[in-house]
Amino acid sequence: MGLDELGDWRRSHYSSEINPALDGSDVTIFGWIEDIRDLGRIKFLTLRDREGLIQITAKEGRASPQVLGKLELLGRQYVIGVRGRVKAVKEAPRGVEVEPSEIKILGIAKHPLPIDPTGRVPAEIDVRLDNRVLDLRGPIPSAIFKMRHVVVGEIRNFLAEEGFLEVHTPKIISSATEGGAALFAMEFFKRKAYLAQSPELYKEQLSSVFEKVFEIGTYFRAEESHTRRHLNEFISVDVEEAFVGMEDVMDVQERLILRVADRVARSCRTELELLGVKAPAPRAPFRRYSYDEILEELKGLGFDLEWGEDIPTPAYRELGKLHRGEYYFIINWPTKAKPFYIKPIPNDPDRCYSFDFMYEWIEISSGGARVDDKDLLVRRLVEQGLDPSDFQHFLRAFDFGMPPHAGFGMGLDRLMMVLTGMENIREVVLFPRDRFRLEP
Ligand code: ATP
Ligand code: MG
């Protein structure tokens, strides 16, 4: 079947803009066929565009033979253009339909389709991800990614308004941020290079220039663990600020969440409803627990963890039940559980100025005050088994006048999981990358 040419057809309305008040107007609409119902003398098409659905109704006797002929050729997910007249009809969805006077077939879909994007026939996530573009046309993914757009926009506005300068740091780097673990190596002409796992060392240096910086970027981690909250490629929102300490950037994190939650609650009502989640209404101030307090809580839950250890996932799961619906901070971690660049507390050097920002059992961000003294930094590198000569460019910035500084890195995908109520991070990423998935 030959396709029709678009020619001079241009959209006059999105589906959502067509309402009973337009009764009698002529419109040009485009979209994908979600459904076809053929009742013999009357045929119904449901057309989906990015804004929603509209019913197209063709009646024998009223529609032209050309239109009726075209209708015979159509299948679900075909791309069509329709010119026609709006009719206010009580029985139609939203009380309105379009009577077609002309139809163009602009793209076809091969049948049988591998999944039903309406979600009425549920499919396994792997099958959905294998056919992701089709899957994304469904109402749930569509709601998730519209919300993601709103969230990213609001984060950017918020940070810019707070005086942070947006920067872009390199993603191809010559040495590890925090040691060799979890880095993807690559060939860079005749040298070895790595994909950045975080902008940490660059944003710290830039705090000695622009004082307040942020970056929304893609990072890579060669973690082998296959979980529902880790990917090998993810987006991080990184913030770094000079002349402040840990508490100040925790306040930035808190204000950021309040601002995003407020915006989502106001701008994403339809999406929240579709996703079946309540509008976020976090209550500030967020509680701040010390690592030691959390260890006590965990003891009460039956987890006897040794002081200094990281907290294992099953323990977090239980902790999440205790902190249901709560955003909270865990502060003052053992120095040895955190990276070399986190500042030890001077009169209690086994603990450091670091925080994890949590929602229930999920870590959303990590941050803290940074070591700003070069000698201490070199000692910390050695203590963590790293070779200071691998960090000479980073260390040199400390010879050029380094202010005290603090910051955090927040996983955007993790935040989206929380806001959308999704259990699997893959749901909130367009084309997720994990150990078993490099395509599509
Ligand atoms: P986790 O303990 O959850 O593995 P992490 O402590 O290793 O995370 P950080 O180095 O603190 O991660 O990175 C800062 C933030 O980036 C995390 O709080 C998280 O939101 C996000 N993040 C880190 N690794 C991943 C990943 N593999 N996939 C998705 N998001 C990630
Ligand atoms: Mg962390």
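The values are calculated or read from the model by the stated rules, or taken from the named source; none is laboratory data. Source: prediction; values computed, not measured. For neighbour counting, all protein chains shown are included, and Cβ atoms are generated from backbone atoms with ideal geometry for every residue, glycine included.
For the range 308-320, the condition holds for no residue, the condition being that it is among the basic types (Lys, Arg) and under 14 Å from MET250 (Cβ atoms). The set of residues in the range 383-440 being assigned to a helix (DSSP H, G or I) and of a type in the set (Lys, Arg) consists of ARG396, ARG414, ARG426. Checked against (1) at pLDDT below 95; (2) at positive phi, PHE189 passes all but condition (1).
Looking at VAL252, VAL264, VAL237 in this structure, which one is at pLDDT 95 or above, touching a helix residue (DSSP H, G or I) at 6+ places or on another chain (Cβ under 7 Å) and either within 16 Å of ligand 1 (Cβ to nearest atom) or in a strand (DSSP E or B) (or both)? I'd like the intermediate steps shown before the answer.
Numbers: VAL252 fails: touching a helix residue (DSSP H, G or I) at 6+ places or on another chain (Cβ under 7 Å); VAL264 fails: either within 16 Å of ligand 1 (Cβ to nearest atom) or in a strand (DSSP E or B) (or both).
Being at pLDDT 95 or above, touching a helix residue (DSSP H, G or I) at 6+ places or on another chain (Cβ under 7 Å) and either within 16 Å of ligand 1 (Cβ to nearest atom) or in a strand (DSSP E or B) (or both) holds for just one of VAL252, VAL264, VAL237, which is VAL237.
Looking at ALA315, ALA222, just one residue is surrounded by fewer than 18 Cβ atoms within 10 Å (Cβ to Cβ), among the aliphatic types (A, V, I, L, M) and farther than 30 Å from GLY119 by Cα, and that residue is ALA222. A count restricted to the range 345-360 and to residues that are polar (S, T, N, Q) and part of a loop (DSSP other than H, G, I, E, B) stands at 1. Just checking, does the range 272-289 include any residue being surrounded by 14 or more Cβ atoms within 10 Å (Cβ to Cβ) and among the acidic types (Asp, Glu)? Within the range 272-289, not a single residue is surrounded by 14 or more Cβ atoms within 10 Å (Cβ to Cβ) and among the acidic types (Asp, Glu). The set of residues in the range 401-428 that are farther than 16 Å from GLU233 by Cβ, within 16 Å of ligand 2 (Cβ to nearest atom) and not hydrophobic (A, V, I, L, M, F, W, C) contains only GLY407. Looking at the range 347-360, can you tell me whether even one residue there is within 15 Å of ligand 2 (Cβ to nearest atom), buried (at least 21 other Cβ atoms within 10 Å of the Cβ) and aliphatic (A, V, I, L, M)? Yes: the range 347-360 contains one or more residues that are within 15 Å of ligand 2 (Cβ to nearest atom), buried (at least 21 other Cβ atoms within 10 Å of the Cβ) and aliphatic (A, V, I, L, M).
The numbered conditions (1) within 16 Å of ligand 1 (Cβ to nearest atom); (2) at pLDDT 95 or above are all true for ALA181 except (2). The set of residues from the range 1-60 being surrounded by 13 or more Cβ atoms within 10 Å (Cβ to Cβ), in a strand (DSSP E or B) and among the acidic types (Asp, Glu) comprises GLU34, ASP35, ASP49. For the range 315-350, taking the residues that are closer than 18 Å to PHE408 by Cβ and among the basic types (Lys, Arg), the one that is modelled with the highest pLDDT is identified as LYS343.
Taking into account only those residues within the range 394-425 that are surrounded by fewer than 21 Cβ atoms within 10 Å (Cβ to Cβ) and of a type in the set (D, E, K, R), which is nearest to the chain's Cα centre (by Cα)? Among those residues, the one meeting the criterion is GLU423. When you look at PHE391, is it assigned by TED's automatic domain parsing to the domain that holds CYS352, crowded, with 18+ Cβ neighbours inside 10 Å and more than 16 Å from ligand 1 (Cβ to nearest atom), yes or no? Here the answer is yes, as PHE391 does meet what is asked.
Across the range 361-382, the qualifying residues are those that are away from ligand 2 (no atom under 14 Å from the Cβ) and part of a strand (DSSP E or B), and the one among them that is nearest to LEU206 (Cα to Cα) is ARG370.
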